[in-house]
Amino acid sequence: MKVIVAKTAGFCFGVKRAVDTVYEQIEKKEVVRPIYTCGPIIHNEEVVQDLSRRGVEVLSEEELGDASGGTVVLRSHGVGQKVCERLTERGFHLVDATCPFVKKIHRTVREESEKGRTIIIIGNAEHPEVKGIQGWCREKAYVVETPEEASKLTLLAGTKVCIVSQTTFNYNKFQLLVEIISKKSYDSIVVNTICSATHERQAEARQLASKVDVMLVIGGKHSSNTQKLYEICRKECNSTYYIQTVRDLNPKWLEGKRSVGITAGASTPNHIIEEVHTNVRIKF
């Protein structure tokens with residue numbers, strides 16, 4: 001059986017930086033303890049559980065509001081400006097592990113909203129990255145995820161708007177939604193804030209899925225970018241399966257197959273990808 005692992009599978013720059021930051025804090029003798037992350041540092045249960053065993057607590061923004069003292073590592077998804085201010089006021093030492101690409105969006109929406117533009121964010125309204133972006137807008141921001149929502153968006157003609165995107169959003173879908181919004185009578189500027197690594201990962205996954213008999217997509221069940229990879233691959237290969245670890249691999253999926261493709265979300269550690277690859281290659 002031929003097994004092909006996508007070159008772009010696994011940790012992206014921003015996720016690796018965030019995870020490394022937490023482990024660095026654990027090793028520092030002078031760090032103010034306890035150590036918290038504001039929400040899970042990344043959407044991968046294996047990593048979060050390992051950090052928990054090392055004494056790192058995961059608390060929501062609300063739970064952190066009831067605590068005081070210690071070190072809080074801000075995860076790669078980022079948080080809103082008021083969250084940072086509130087944590088500082090409560091005496092926490094903040095370590096900012098926000099992905100630099102996400103930080104760039106924060107600066108963009110803050111600057112453009114200060115200029116009087118209404119911010120439109122293309123993405124999932126419930127995703128922590130999008131909530132964080134909203135927290136840097138001076139006025140209300142609108143979140144659009146589907147063509148229906150884009151069509152229903154109603155602002156006054158001539159409204160100055162700035163359109164940005166969740167970094168892990170599907171590139172083709174982003175273009176479609178921008179096209180729908182651009183047909184409205186707004187004074188629009190568009191800033192494509194989809195991470196280049198995300199675009200490359202999606203493009204490679206699409207190409208690989210179109211050439212293999214079975215496609216395995218590895219990632220945490222709450223990982224937005226992994227879910228999008230699965231959707232992309234599923235359109236190209238009917239036998240596409242979403243797994244978190246090698247334990248989820250069903251041997252029946254591979255019976256009689258000649259080729260298997262493997263990709264993984266940006267929050268999937270390399271050792272999990274390697275375990276799946278080795279298992280498929282040796283056993284089949």
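What follows draws every value from the coordinates through simple rules; no lab data is involved. Predicted model only: the values in this text are computed from it and were never measured. Every residue, glycine as well, gets a Cβ built from its backbone with ideal geometry; the counts of neighbours run over all protein chains shown.
Here are a few things to note about the model shown:
- For L155, neighbours were defined as the other residues whose beta-carbon sits under 14 Å from its Cβ, and their charges (Lys and Arg +1, Asp and Glu -1) total +3.
- Extension gain, S210 back to K2 (0.36 nm per residue minus Cα-Cα distance, nm): 73.4 nm
- Seen from R110, the other residues with C-beta closer than 13 Å to its C-beta sum to a net charge of +3, counting Lys and Arg as +1 and Asp and Glu as -1.
- Longest exposed-site-free window of the chain, the sites being GluC sites (Glu not before Pro) in a DSSP loop that have at most 13 other C-beta atoms within 10 Å: 140-254
- Value of [θ]222 nm, deg cm²/dmol, for the chain, DSSP H segments ≥ 4, -39500 (n - 2.57) each, nearest 500: -12500 deg cm²/dmol
- Residue-by-residue Karplus 3J(HN,Hα) for region 4-20, coefficients 6.51, -1.76, 1.60, Hz, glycine and proline x: 10, 9, 4, 5, 8, 5, x, 3, 8, 4, x, 5, 4, 4, 5, 5, 4
- Kirkwood hydrodynamic radius over Cα pairs of region 164-284, then Stokes diffusion coefficient at 37 °C and 0.692 mPa s, in µm²/s: 212 µm²/s
- Think of region 26-113 as having a plus end and a minus end, set by charges on the Cβ of Lys, Arg, Asp and Glu; of V79, I42, P100, P100 sits farthest toward the positive end of this dipole.
- If you count Lys pairs in region 5-142 whose Cα atoms are under 25 Å apart, skipping same-chain pairs closer than 8 places in sequence, the total is 20.
- The gain in end-to-end length when the K183 to R33 segment is fully stretched comes to 48.7 nm, 0.36 nm per residue minus the alpha carbon separation.
- Paired Rg and Dmax values of region 68-177, which use every Cα atom, in angstrom: 15.1, 49
- Pairwise centroid distance, computed over Cα atoms, of region 173-208 with region 87-127, Å: 19 Å
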